[in-house]
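Worksheet: one structure, shown below.
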Amino acid sequence: MYKEMELLTIFTPTYNRAYILPKLYESLKIQTDKRFEWIIVDDGSVDNTMSLVSFWQEEGLVNINYKKQANQGKHIAINTGLELAKGELFFIVDSDDCLTSDAVQKIFIFWNTHEHHDNISGILSYRQFPDGTRVGYPLPKEVKQCKLRDSNKKYGSTGDKVVIYRTELFRNFKFPKFKEERFLGESYAYNQIDDIADMLVMDDMIYIFDYQKDGLSQDFRKLYRENP
């Protein structure tokens, strides 16, 4: 038998996103399962993010752990989030995205009803656009576990996925810090985790996202040039 998960960590790195962060907060307030903590690592914002989050903490409707640090990039913010995390699973939800109201509940039910040993790194699931359509093409129904990289290369499943990792495992693959550089793709850690474990496939859409003009995804070539 395996021990049932008691707490989920939802982690959000943010930088000058006070204008859009409330959308995510609203989706967390209405979760049908409240057994989660929301860790926000503020990567040096100069807007009103701190006062906004402080107000939410005073409301007491969501368990929020807020940490502000000097601007170092999303990957270093993830390192900080992993240090603070208390949940068994670590779920990165970007500041411009949000969750379906039953996302946490579905994660708990799925994780607590599937066996997960050391050869399982976490959960692989799907994203949806605001209009409810799926992002990309799904995995074949018969695939119950696989590596993240194999979801596309081996099984032809396209589109960005939801990845939720075992916190204890993810901590073993923290991101290195390079002087004067503020970007390192998450694949640095994800590929190493793929080398040692598979992910359980949850055939559901729990994550709602929409690319923003000021998001990291908009100019990867420029990011790579500036962060060799």
Under 13 Å from the 7 Å Cα→Cβ point of Asp47, by amide nitrogen: which residues of region 65-106? 95-97
For region 101-183, what number of Lys pairs, 8 or more residues apart or on separate chains, have alpha-carbon atoms under 21 Å from each other? 14
What list of whole percents do you get for P(r) of region 21-119, with Cα-Cα distances grouped in 10 Å bins up to the one holding the largest distance? 13, 45, 32, 9, 1
Label point distance in nm, Glu115-Lys67, each placed 7 Å from Cα along Cα→Cβ: 3.5
For Cα extents along the principal axes in Å, pick the label among (i) 56, 50, 31; (ii) 75, 38, 34; (iii) 48, 42, 35 that corresponds to the value derived from the coordinates. (iii)
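Can you pull out the chymotrypsin sites (Phe, Trp or Tyr not before Pro) in region 117-165 whose DSSP state is coil and whose Cβ has at most 13 other Cβ atoms within 10 Å?
Working: sites: Tyr126, Tyr155, Tyr165; in loops: Tyr155.
Counting only loop positions with at most 13 other Cβ atoms within 10 Å, none of the chymotrypsin sites (Phe, Trp or Tyr not before Pro) in region 117-165 qualifies.
If I take every Cα pair under 8 Å that is 6 or more residues apart in the chain, average their sequence separation and divide by the length, what percent do I get for the relative contact order? Let's see the in-between values first.
Numbers: 416 pairs, mean separation 57.1, N = 228.
25 percent.
Suppose the chain between Leu7 and Ser101 were pulled fully straight at 0.36 nm per residue; how much longer would it get relative to their current alpha carbon spacing? Walk me through the numbers before you get to the answer.
On the way: separation 94, 0.36 × 94 = 33.84 nm, distance 1.69 nm.
In short, 32.1 nm is gained.
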Taking the alpha-carbon centre of each part, the distance from region 22-100 to region 120-159 in Å is 25
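Which is the longest run of the chain containing none of the GluC sites (Glu not before Pro) found in DSSP loop states (not H, G, I, E, B) with at most 12 other C-beta atoms within 10 Å?
Numbers: sites that count: Glu4, Glu6, Glu115, Glu142, Glu180.
Free of exposed loop sites, the longest segment is 7-114.
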Taking max minus min of the Cα coordinates of region 80-146 on each principal axis, largest first, gives extents in Å of 34, 33, 20
Taking the Cβ-Cβ separation of Ile30 and Lys86 as r and a Förster radius of 35 Å, what is the calculated FRET efficiency to the nearest 0.05? 0.95
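Based on the Kirkwood radius over alpha-carbon pairs, what is the Stokes-Einstein translational diffusion coefficient of region 12-54 at 20 °C with 1.002 mPa s viscosity, in µm²/s? Don't jump to the answer; show the numbers that get you there.
Values: Rh = 11.1 Å.
For these conditions, the coefficient is 193 µm²/s.
Read-outs throughout are calculated quantities, based only on the coordinates presented, and are distinct from any laboratory measurement. Because the structure is a prediction, the values reported are computed rather than measured. Heads up, the Cβs are rebuilt from the backbone with ideal geometry, glycines too, and the neighbour counts pull from every protein chain shown.
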